[in-house]
Number of protein chains: 2
Amino acid sequence: MLKLTKKADYGLMALKFLAEHPERSALSAKDVADAYGIPAQLLAKILQQLTRSGLLRSHAGMNGGYALAREARSISAYEVILSIDGPFFITSCTKGKTGCELTTNCTIKEPLARVNETIAGVLKSISIQDLAEHEQPAARERNARELVALTL
Amino acid sequence: MLKLTKKADYGLMALKFLAEHPERSALSAKDVADAYGIPAQLLAKILQQLTRSGLLRSHAGMNGGYALAREARSISAYEVILSIDGPFFITSCTKGKTGCELTTNCTIKEPLARVNETIAGVLKSISIQDLAEHEQPAARERNARELVALTL
DNA sequence: TGTAATTCCGACAGAAACGGTCGTATACTG
DNA sequence: CAGTATACGACCGTTTCTGTCGGAATTACA
C-alpha cells in the first residue's frame, strides 16, 4: 500500500536522534528507544542492521552504543529504507530475477518503473540532517532540476 | 515496503486493457482475467471496487461487462490505487485520526509528508492512457514544473 | 418464459509479511 | 570478575494480502 514499515520509520527516527546528539560519542539502543517509546529490542535489531549496512558504527561494552558512520548530511533516507526494508519496487511483479511471471509482457511495468525511480530520487534527496533540522531547506532547490530529469 | 499490492497492479492492468479496446462496448471480468492470467474472481472484485469508485461503468447480463467511465486520459493511476488500496501515507504512524501515537512529536513525519505528496503527484500525472501507449510522452513535459512545485 | 452470461456481495481460508519478544552468546569497560 | 552493551537466531501472535467459494440479482436473447 505504498507505506514505509514501522521498522523503517524507527530507523529514520533513530538516525535523526543520533544526528541531533553529536556531543555524545555513542548512544545505546535503549537510549534511543526510551526517547521515542520504541520497543528496545526491536530497535536494537534495526540498529544492528543499519550497522551491517555501514550506516552506523557500533561499539559494545560500557558507554558503548551506536553512532553515525558518516556525516548526517551524506546519509540519505533512501539508504536507510533500503537497508531495513530491502530493495523496493513499486510494481509487485518485479520480484528478483524472474521478472514478471504473468502474461507475455505486462507493459504496465515500464511506466511504473519510472515512477519507482522518481520516488527513489526523492528519498535520495533527503538526508538524515534534513530530518534533524526541522526545516529542510537544503534539499529543496538542490534537487529540483534533478527531479525533473528523473521523472521525465 | 513501498510497493503496490497485486490488486492495484491488476486494476491498473485491467484499465489499461480496457483503454486498449475501445471498440468493444464492454469487456467482462473474465475477458480481462484471461488476457493476463489473473484469477478471474479476484479481478471481478477489483473491477467492482473500481466501479463503486466511479472509474468504471458496469453492465450485468449477457454481453455485459465493464467499460471506462471516463476518457482514459482523464483517469490517473493515483485514482486507481486510491480506490483499491485506500489512502496511502508513506509514514506508518499517520493512522487515521489519532495521528502519531508515539512520542511527543516524531518530527520525522513532517519531511516525509512532503515525500508522500510528491509520490501522489507523480501518480496523478500518469493516466491510464499513458499506460496504454507504450511510451507516455504526454505525461512528461506536462507536469514537469508542477512536480517541482510539489516537492519543494 | 426460461436459460445462460454476467455483475454483485459477503464470508472465509491459506499464505505471507510485520511487529515484537526471548534466550543466549559475544565483546568491551573498569 | 561484574556489569553494560551489541550480535544473532528462533519463535510467535497479529495483521494484511491473495485467492476461493457460494449464492443472489440483473440482463440479453431465444
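Below are the figures for this structure:
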item: Violating pairs (Cα-Cα greater than 29 angstrom) within the set B:LYS3/B:LYS45; B:LYS45/B:LYS109; A:LYS16/B:LYS3; A:LYS30/B:LYS3; A:LYS7/B:LYS16; result: B:LYS45/B:LYS109; A:LYS30/B:LYS3; A:LYS7/B:LYS16
item: Neighbouring partner chain Cβ atoms per residue of B:76-83, average, 10 Å criterion; result: 1
item: Averaged over B:34-47, number of beta-carbon atoms from partner chains that fall within 10 Å; result: 1
item: Cβ neighbours within 10 Å from other chains - mean over A:121-128; result: 3
item: Distance cut-off 21 Å, percentage of C-alpha pairs in the stretch B:1-92 lying past it; result: 25 percent
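We did not get these values from a lab; they are worked out from the coordinates using the rules stated. This is a predicted model, so every value here is computed, not measured. Cβ coordinates were reconstructed from backbone atoms using ideal geometry, including for glycine residues, and neighbour counts include every protein chain displayed.
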